[in-house]
Structures are given as structure tokens and as C-alpha cells.
Amino acid sequence: MSHQAVSEKRIGLEVSLAVAEAVKLADVDAIAAYPITPQTHIVETLSEIVANGELNAAYIPVESEHSALSACLGTIAAGARTFTATSSQGLALMHEMLFIASGLRMPVIMAVANRSLSAPLSIWGDHSDVMANRDVGWVQLFVENGQEALDITLSAFRIGEDKRVLLPVMVNLDGFTLSHVVESLIIPDESKVRRFLPPFEPLFRLDPLNPIMIGAIGIPEIYTEARKALDETLTASRIVVDETFAAFKNIFGREYHCIETYRSNDAETILITMGALSGTARLAIDELRSQGESVGLVRIRLWRPFPFDDIRAALGKAKVVVVFDRAISPGGPGGPVASEIRNALYSLEPRPKIVNFVGGLGGRDVRAKEFIEMIRTAKSKADAIDPLLYTMVGVRE
């Protein structure tokens, strides 16, 4: 960590509240939200911040998550910097509106406290909710700790509102295991935030004095072109993500990349993770390294657009790649992250063996020793494992 300005301060703060602090620092104009565990602390705190006069914003209580995102589309269309948050069944209820937000190029920023989907009913964390919405056309990022949650939320506004992007951005943080943890965090200086995040200037806005139509019907002659344009814009947003991370480092001193590597440059076996369990995975890597095993870690921060080139560069020299998923694609080849890794590495020669493990579902603990077992199992059985099969971690027979 580089030196911080005197005006910046370090405090102990629950990670959900750190997200709310980032939204306050971003000086949003509108917040529409509906409470759902485990993201409730985010919007609950924001409602207090607005009610106390600490943030001059419209806080819109609604009757459902579908209505929350619908209201956000109205405020962003009017030119207001807009935020919401949700989780699990709430994100599922938003599903229709997620496509509309990206299709209409509305840069709503949303925090998702990732949680399992029913049934059976579960309030505990995994990545089922976001993986069920991976193709909605949003920029999607995953954070590992509280400082990232704060910093990446701030960055999300700059990414989404850039005129080369104008897309909604989803910031994913693990429910409970991250969202409800208290960590020591650096709160950025407000003057630095103003330098980093300029005011939102929409290309178009709803104005009664200058009426325009947004979201008109897409007849067959234009619908394909509209979807192609969305795909191209989302893919090209990677440039803006990189520029935003570079600007963040220049102003605040903290460095972020679309993927993070740990002791992987010379590793023959590499573990891939996303989210808060990456810290636990590092403990496993350190333990195996201390025993002389050539292992490393790659953590994915940018999920959409998927960083194919970065993955190929990071994994190209590995013999075995162990992919840990916290969601399953029922009836498919295991987990969604593993599917993307297989796609990314398909053209490599020689291609590393890819072994997929699915675990941590419904909030079940995954400890360092489980990661060690995954890595050793993959190394010992990689040649015999069908690349389309996977292993569920910790299943009770």
C-alpha cells in the first residue's frame, strides 16, 4: 500500500456499510431499493444517510426488487446518478429489468450481496444468483475484501458512466462472509473522489420540455444490430475498466487489475477463484509452497466482459488448472467459471488439464485444507478426469 494523504482515515467498518460509504462519496442523486438479506444493511444505511441530510439524494422505497430497478431506470433516464442493491431472489425478480437496463444503455450501479437461490430456502452465500444473470449485458466485477468493495463501487460509477460504455455495472460481494464482516478500511478523501469521479453527464435525458422516446419497439430489421452493438460495447468496456483502475492507482495509490495472480508465474498447478474465498485459497497456496509444491493462484475480478487474453497469459504455462466454482449449471459441465476457462484455453497448445470443483454452495465452509485437497486431487487424477466432469466439494453421502 502506498502512502495515503493525511486527510484520509482508517476505521473499522462493516463491509456493507463501506459500500454505502462509497455511494455517499460518489454523491449519487437517486437510490431505489427493497430490503433483502444479506444486502439490507447497504440500503438501510443509505436511507439513514439521506434522512440525516448527509447526502442530497432521492431515496425511493418500493414494493419489490423489480420495482426498485424500474425506478432506477426512470431516475437514470432523467439524468440522475443512480444506485441500488439486492441479493438472491431479489436479483432473480429483477431479471426482466436487467436486460432493459443494459439494452437501453442505462448506467445504473448495483451492489449484489451474493446469496444462494431457493429451493430449498437458503439465506447463505454462494454465486448462484449472479451466475443465473451472467448474460444480462452488465459489466460485472467481484470483490474479495472490504477495501475492494468500497474502491470498486466507486470505480463502477466511473466505468459505467463513461460515454464509451454507458452500461450498468454490478459489484458482487459474498453474502455474510464478506458483507457482514468488520474490516479495517481506508476511507478516501472526498476531494480525491471528486478528481476521480466527475459529475454524471448523460448523452440523453428525459425532459418534458424536449420530449424524446426511449425503448421503442425493435422490429426484426434492427433488433439483431442492437444486440450486436450491446455485445461490442460490453466487450470494448474492458479498455475503460483498465483506464479506471490506472486512474484509481494514480489518485488513491491502491492498485487493481482485471485478474490478480499470486505465486503463479512459475506454477505448474494453478487454482482459480472469485470472491472472498480467495483469501482462504492463498493460505492453501502458501502451505503447499512451503512443502515444495509448484502451485499458484489466479483470482478473477472482472467477470463481464470476460478477460480471455489475461487468462491465457496467466495460465499458458500451467500443466493443471483447478477451477473452483461457487455455483453449478445443472445438467451442464459443472460450474460456469470452468466453462469460461475451457473456452479461454481451448486454442492453447499444449493445453493444461482443467479440473473443476464446485463448492461453498449455500454458505458451506470451504477451508484451506479443502483447497489443498482439491489441488492434490487434481494433480493426481488430472490425466484420468474427463474434462467435462466436475467434483462437488463436501457432499455428504
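Helix 65-77 and the longest principal axis of the Cα set of the chain meet at an angle near 60°. Can you tell me the orientation of helix 336-345 relative to the chain, as the angle in degrees between its alpha-carbon axis and the longest Cα principal axis, to the nearest 10? Around 70 degrees separate the two axes. In the chain, the DSSP beta bridges split such that about 25 percent are antiparallel, to the nearest 5.
Answer rounded, prolate or oblate for the stretch 259-392, using the Cα gyration tensor with square roots of eigenvalues a ≥ b ≥ c: rounded when a/c is under 1.5, else prolate when a/b is larger than b/c, else oblate.
On the way: a/c = 1.21, a/b = 1.04, b/c = 1.17.
Here the stretch 259-392 falls in the rounded category.
Counting only chymotrypsin sites (Phe, Trp or Tyr not before Pro) that DSSP places in a loop and that have at most 14 other Cβ atoms within 10 Å, the longest clean stretch of the chain runs over 1-203. One Cα centroid belongs to the stretch 258-323, the other to the stretch 165-236; the line between them spans 29 Å. Anisotropy class assigned to the chain is prolate, per the alpha carbon gyration tensor with a/c at or over the 1.5 cut-off and a/b larger than b/c.
When the listed pairs Lys228/Lys317; Lys228/Lys319; Lys228/Lys353; Lys24/Lys249 are checked against a 24 Å cut-off, the alpha-carbon distance exceeds it for Lys228/Lys317; Lys228/Lys319; Lys228/Lys353. For Ser329, nonlocal amide neighbours, meaning residues 5 or more places apart or on other chains whose placed amide H falls under 5 Å from its own, are Gly334, Gly335. From most to least packed by mean Cβ count within 10 Å, the peptides 146-152, 32-38 give 146-152, 32-38.
Rounded if a/c is under 1.5, else prolate if a/b is larger than b/c, else oblate: which is the stretch 182-270, with a ≥ b ≥ c the root eigenvalues of its Cα gyration tensor? Oblate.
Quote the relative contact order of the stretch 85-148 in percent (integer), defining contacts as alpha-carbon pairs under 8 Å separated by 6+ residues. Kindly include the intermediate steps, with their values, before the conclusion.
Numbers: 67 pairs, mean separation 23.7, N = 64.
Once normalised by length, the contact order is 37 percent.
Compared with the dominant Cα axis of the chain, that is its longest principal axis, helix 15-25 is turned about 40°.
We did not get these values from a lab; they are worked out from the coordinates using the rules stated. Not measured: the values here are computed from a predicted model. Heads up, the Cβs are rebuilt from the backbone with ideal geometry, glycines too, and the neighbour counts pull from every protein chain shown.
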